[in-house]
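J.: The structure's right below; bear with me while I get my questions together.
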Amino acid sequence: MTKVDFYILQGGQSGNPLPFICRLVQKVHAQGMRIYLHARDAAQASRLDEILWAYSQESFIPHTLYTEGGGADPDTPIRIGTGVPPPDQHDVLINLADQVPDWFSRFTRVAEVAAGDGEQLQLARHRYRFYKERGYPLTDHKIE
């Protein structure tokens, strides 16, 4: 069964979750897992792509933008998209969209990031309830 982790950003991090998301991607990638970053929209996907290229001077985070039907190197362990993920990725889904994607359960793990203003937090609570009502194992991580 898919395990779900909620990362609740508090304090100064809640206004800009992108640095935390980069750290999370780097940590998961270092564990040898393949990641699909499910962005809210194409603009957010492009922004994530830019930030991951410049995130760390010490290490490279191999990633690419992914669109259904191809366009991405199949060997790239981290893909960023807004639609259905590549058929060969099942390790970790980092969901940055407002809703839970229909296909989340094909991943071993799902990471949800709760940050931002009142509306974003309400959407995160809705996603939390979605998983909880369906019996998925949930773990909360409060990030200061």
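J.: Name, by its number, the condition in (1) exposed (fewer than 15 other Cβ atoms within 10 Å of the Cβ); (2) under 12 Å from the mean Cα position of the chain (by Cα); (3) among the hydrophobic types (A, V, I, L, M, F, W, C) that does not hold for residue 53.
T.: (2)
J.: In contact with a His (Cβ under 7 Å, 6 or more places away or on another chain) and at pLDDT below 90: is that true of residue 61 in this structure?
T.: For residue 61, the condition - in contact with a His (Cβ under 7 Å, 6 or more places away or on another chain) and at pLDDT below 90 - is met.
J.: Next question, about the same structure. Select from the stretch 127-144 the residues that are under 16 Å from residue 94 (Cβ atoms) and hydrophobic (A, V, I, L, M, F, W, C) and write down the one among them that is modelled with the highest pLDDT.
T.: Restricting to residues being under 16 Å from residue 94 (Cβ atoms) and hydrophobic (A, V, I, L, M, F, W, C), the top hit is 138.
J.: So the check is Cβ under 9 Å with 6+ separation or different chains; which pairs have a first residue in the stretch 34-54 that's within 14 Å of residue 111 (Cβ to Cβ) and a second one that's among the small types (Gly, Ala, Ser) and part of a loop (DSSP other than H, G, I, E, B)?
T.: Correct list of pairs: 38/83; 38/97; 39/97; 48/39.
J.: What's the total number of residues in the stretch 94-116 that are more than 15 Å from residue 7 (Cα to Cα) and of a type in the set (Asp, Glu)?
T.: Residues flagged as more than 15 Å from residue 7 (Cα to Cα) and of a type in the set (Asp, Glu) within the stretch 94-116 amount to 1.
J.: Is it true that some residue in the stretch 93-101 is under 17 Å from residue 30 (Cα atoms) and not aromatic (Phe, Trp, Tyr)?
T.: yes
J.: Another question, then. Condition test on residue 98, is it at pLDDT 85 or above and either out of contact with any strand residue (DSSP E or B) (no Cβ under 7 Å at 6 or more places or on another chain) or surrounded by fewer than 17 Cβ atoms within 10 Å (Cβ to Cβ) (or both)?
T.: yes
The values are calculated or read from the model by the stated rules, or taken from the named source; none is laboratory data. All values derive from a computational prediction rather than experimental measurement. Cβ coordinates were reconstructed from backbone atoms using ideal geometry, including for glycine residues, and neighbour counts include every protein chain displayed.
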